[in-house]
Amino acid sequence: MAPTASPVGAYLRGMSPPSPSIIEFPADDPERARSFWSQLLGVELQPRRSDEGEGWQTRAGAVAVGVHARGRGPGDSVSLPYFAVQELAASLQRVQALGGSVIHPGERWAICRDSEGTPFALAGPGSGPPSAAAPEVRSYDRLEPFVTLDGSEIREWAGPVSAPARNQSLAEATIAVDGATSEHYHRLTEELYLVRAGEGRLLLDGHEQTIGVGDCALIPPGVRHKLLNTGAVPLRVVCACSPPYRDEDTVLTEEGLGT
């Protein structure tokens, strides 16, 4: 259960009103996450009062940092705050030493994951959160795969968990041989699917379409869709989303995976 205050990602130095009251991190192992953040930030996360929900949070400073057990509801998914640090390289080494990982290192800022796999960012002296207009090049070989809500394996070039793009996201989804995504739709996001490798079937509001390399499908908001791999190799599809993909915008319409 998330705290009663709404989690808001923010850049912790040079914030302009309105300021967030808390930055929340969901965790598969809340005690391990509490230890990670306490040691990394040098702060104490104290148990919440009954009227604050479950988990722990800091009591000092203008912006609280909180941890609670991971869930699927609003406020229980990905957050991407920015923490200002004096020594970026040393801070990244500490992230890894404490069981976290560095997704995308940079000279002025870096995207990381904590001990629970939740993304966050560190910003060096004199740098703010990366602007959508700032140049950014990411190599496919450096993309870290993760599994999204529909069950597909994702490698994201740009979006909320990689190079932060404000208005869109770009990723590759991989569906194993004989595999399929869970049928779902997006409340706000418009998607483009471009098949990069393999072949399969795409269901759009129950209507079936065979797809192969070079085919592009437009999926408007609210349209139920499902991908099935019918080929002999993994089905790889480039997915462009505007606004950026978010689990909170995704509504599953069936249980689990299947064909």
How many residues are surrounded by fewer than 19 Cβ atoms within 10 Å (Cβ to Cβ), under 16 Å from P145 (Cα atoms) and of a type in the set (A, V, I, L, M) if we restrict to region 98-115? 1
One residue is enough: does region 110-128 have a residue meeting the conditions part of a helix (DSSP H, G or I), assigned by TED's automatic domain parsing to the domain that holds F36 and either in contact with a Leu (Cβ under 6 Å, 6 or more places away or on another chain) or at pLDDT 75 or above (or both)? no
Pairing a residue in region 237-259 that is farther than 19 Å from L203 by Cβ and of a type in the set (D, E) with any residue that is at pLDDT 85 or above and outside any strand (DSSP E or B), where Cβ atoms lie under 6 Å and the two sit 6 or more apart in sequence or on different chains, gives D249/R187; D249/L188; D249/T189
Criterion: in a strand (DSSP E or B), modelled with pLDDT of 80 or more and surrounded by 14 or more Cβ atoms within 10 Å (Cβ to Cβ) - qualifying residue of V67, V95: V67
Within region 183-205, the count of residues that are in contact with a Lys or Arg (Cβ under 7 Å, 6 or more places away or on another chain) and either closer than 22 Å to E144 by Cβ or small (G, A, S) (or both) comes to 3
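Under 21 Å from the mean Cα position of the chain (by Cα), aliphatic (A, V, I, L, M), assigned by TED's automatic domain parsing to the domain that holds G151 and not in a strand (DSSP E or B): does that describe L192?
No, not satisfied.
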Taking region 202-230 and keeping only residues that are over 27 Å from N167 (Cα atoms), in a strand (DSSP E or B) and out of contact with any Ser or Thr (no Cβ under 6 Å at 6 or more places or on another chain), one is left with H207, E208, Q209, T210, I211, N229
Checking E199 against (1) modelled with pLDDT of 95 or more; (2) buried (at least 19 other Cβ atoms within 10 Å of the Cβ); (3) not β-branched (V, I, T): exactly one of these is not met. Which one? (2)
V233: passes all of (1) modelled with pLDDT of 95 or more; (2) in a loop (DSSP other than H, G, I, E, B); (3) buried (at least 16 other Cβ atoms within 10 Å of the Cβ) but (3)
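So which of V238, V251 is surrounded by fewer than 19 Cβ atoms within 10 Å (Cβ to Cβ) and closer than 30 Å to L122 by Cα?
V238
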Of D178, D150, the only residue that is assigned to a loop (DSSP other than H, G, I, E, B) and farther than 23 Å from T118 by Cβ is D178
Mind checking which pairs have a first residue in region 57-75 that is assigned by TED's automatic domain parsing to the domain that holds L45 and a second that is among the aromatic types (F, W, Y) and at pLDDT 65 or above, Cβ under 6 Å, 6 or more apart or different chains? V67/F25; V67/W56
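Does any residue of region 151-158 turn out to be out of contact with any strand residue (DSSP E or B) (no Cβ under 6 Å at 6 or more places or on another chain) and under 28 Å from V102 (Cα atoms)?
So far as region 151-158 goes, yes, one or more of its residues are out of contact with any strand residue (DSSP E or B) (no Cβ under 6 Å at 6 or more places or on another chain) and under 28 Å from V102 (Cα atoms).
The values are calculated or read from the model by the stated rules, or taken from the named source; none is laboratory data. The structure presented is a predicted model; accordingly, all values stated were derived computationally and were not measured. Quick reminder, even Gly has a Cβ in these numbers, built from the backbone with ideal geometry, and neighbours come from all protein chains shown.
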